[in-house]
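Note sheet for the following structure.
The values are calculated or read from the model by the stated rules, or taken from the named source; none is laboratory data. Remember, predicted model here, so these are calculated numbers, not experimental data. Ideal geometry is used to build each Cβ from the backbone, glycine not excepted, and the neighbour counts take in all protein chains shown.
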Amino acid sequence: MVQEQYLNDPLSLLGMDVSEFEKINSQIQEFYQEQLKTSSMDGYVIGLSGGIDSALVATLAVSACGADNVYGVILPSKYSTEDDIDVAVELADKLGIGLNDYGKVQELFNPILDMLSSAGEVNSDPYTQKIKEGNIQARMRMVLLRDIAKNRNSLVLGTTNMSEDIMGYFTIGGDGVGGIDNEGISGMHKTTEKIFAQYLGVDSDIINRTPTAGLWPGQTDEDELGMTYENLDQILVGHQLWLTPDQIVGAIDREEIGISEVQKVISHVETNRYKRMSIPTPDLR
């Protein structure tokens, strides 16, 4: 039945009605409440980037646990824009949560980034070197988030959605495994997330901002992924339903999505599967 729905209209599986959103909202809030209860922690810290992912998670956490129990952390680097910072500050003000001294971070972040980037092996390929520096930034930010969380007896909120999770579009030891303490929106594709954020009242300016991790000038998520999130999500849903690349291409029916694009996404999912797994250990029993 679901496969038939996909073949007729793939995007229909990425939308939800009000009753479904209300159910998901309750489930996520209960999840955040239970995580605090079982961990005996006092609250949450969250990195605020100015993007939809952190805005949505912060909104959910505040609704679940109260503004006094959520602390915002802005971690700008030399690649962050003033607009990124302003949007994050406005979000924190709107939600009524505290903020770190992000000016101090901005002053000290870049020299450490430059030192770490040059201390390792420099790659001759410029793009690979940019990826390396981006991963270092993500891990530096998580070092600071975990330090602040430790000082505040708090958990670090993850902000990775399902699209990014399946694609492995996160950094191990940074915003992925080995960094965050939980993931509240990893069961939601990016396309669905945008609709859900609108339902929860997240500012449309944030929802419609170009998704970027701000890792280098002009960097955007969709450029790195090679397509729009809407096209990516339709491919991912088809793959999750065990449909063939031919069936996926036929259902999406867009000129820019052919067999090669679908196969590239599927290959990326399989290649990065290890990033989503817990640390493997031998069975010594």
*Please specify each residue of region 203-219 satisfying the condition of being at pLDDT 90 or above, of a type in the set (Ser, Thr, Tyr) and within 14 Å of the chain's Cα centre (by Cα).*
THR210
*Within region 182-207, track down each residue that is part of a loop (DSSP other than H, G, I, E, B) and among the acidic types (Asp, Glu).*
ASP203
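Look through ASP114, ASP125, ASP205, ASP165 and report the one residue that is in contact (Cβ under 8 Å) with a residue 60 or more places away in the chain and either over 25 Å from ASP93 (Cβ atoms) or of a type in the set (A, V, I, L, M) (or both).
On inspection, the qualifying residue turns out to be ASP165.
Table: residues versus (1) exposed (fewer than 11 other Cβ atoms within 10 Å of the Cβ); (2) β-branched (Val, Ile, Thr); (3) on the phi < 0 side of the Ramachandran plot.
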| position | (1), (2), (3) |
| --- | --- |
| ASP84 | no, no, yes |
| VAL89 | no, yes, yes |
| LYS104 | yes, no, yes |
| LEU116 | no, no, yes |
| ALA138 | no, no, yes |
*Within region 211-226, count every residue that is closer than 15 Å to ASP53 by Cα and touching a helix residue (DSSP H, G or I) at 6+ places or on another chain (Cβ under 8 Å).*
6
_With in contact with a Phe, Trp or Tyr (Cβ under 7 Å, 6 or more places away or on another chain), crowded, with 18+ Cβ neighbours inside 10 Å and small (Gly, Ala, Ser) as the only criterion, which of GLY168, GLY158, GLY179, GLY134 stands out?_
GLY134
*Within region 182-233, restricting attention to residues that are surrounded by fewer than 20 Cβ atoms within 10 Å (Cβ to Cβ) and hydroxyl-bearing (Ser, Thr, Tyr), which residue is nearest to GLY15 (Cα to Cα)?*
TYR199
*Are there any pairs with C-beta distances below 6 angstrom linking a residue in region 261-282 that is in contact (Cβ under 8 Å) with a residue 12 or more places away in the chain to a residue that is small (Gly, Ala, Ser) and surrounded by 10 or more Cβ atoms within 10 Å (Cβ to Cβ), with the two at least 6 apart or on different chains, and if so which?*
ASN272/GLY168; LYS275/GLY168
_Suppose we keep only residues that are in contact (Cβ under 8 Å) with a residue 40 or more places away in the chain and within 18 Å of ILE74 (Cβ to Cβ) within region 148-162. Which one would you say is farthest from the chain's Cα centre (by Cα)?_
ARG152
_Qualifying residues in region 20-57 (those that are more than 28 Å from ASN231 (Cβ to Cβ) and among the small types (Gly, Ala, Ser)) - the one farthest from the chain's Cα centre (by Cα)_ = SER40
*Filter region 20-54 for residues that are touching a Lys or Arg at 6+ places or on another chain (Cβ under 9 Å), closer than 17 Å to SER186 by Cβ and among the aliphatic types (A, V, I, L, M) and give the result.*
ILE52
_Looking at GLN198 and the list (1) in contact (Cβ under 8 Å) with a residue 12 or more places away in the chain; (2) closer than 16 Å to PHE21 by Cβ, which single condition is not satisfied?_
(1)
_Can you confirm whether ASP68 is of a type outside the set (A, V, I, L, M), within 18 Å of the chain's Cα centre (by Cα), part of a helix (DSSP H, G or I) and on the phi < 0 side of the Ramachandran plot?_
no
*asked:* For region 29-43: of the residues being touching a strand residue (DSSP E or B) at 6+ places or on another chain (Cβ under 7 Å) and polar (S, T, N, Q), which is surrounded by the most Cβ atoms within 10 Å (Cβ to Cβ)?
replied: GLN35
_Exactly one condition in (1) part of a loop (DSSP other than H, G, I, E, B); (2) surrounded by fewer than 21 Cβ atoms within 10 Å (Cβ to Cβ) is false for GLY50; which is it?_
(2)
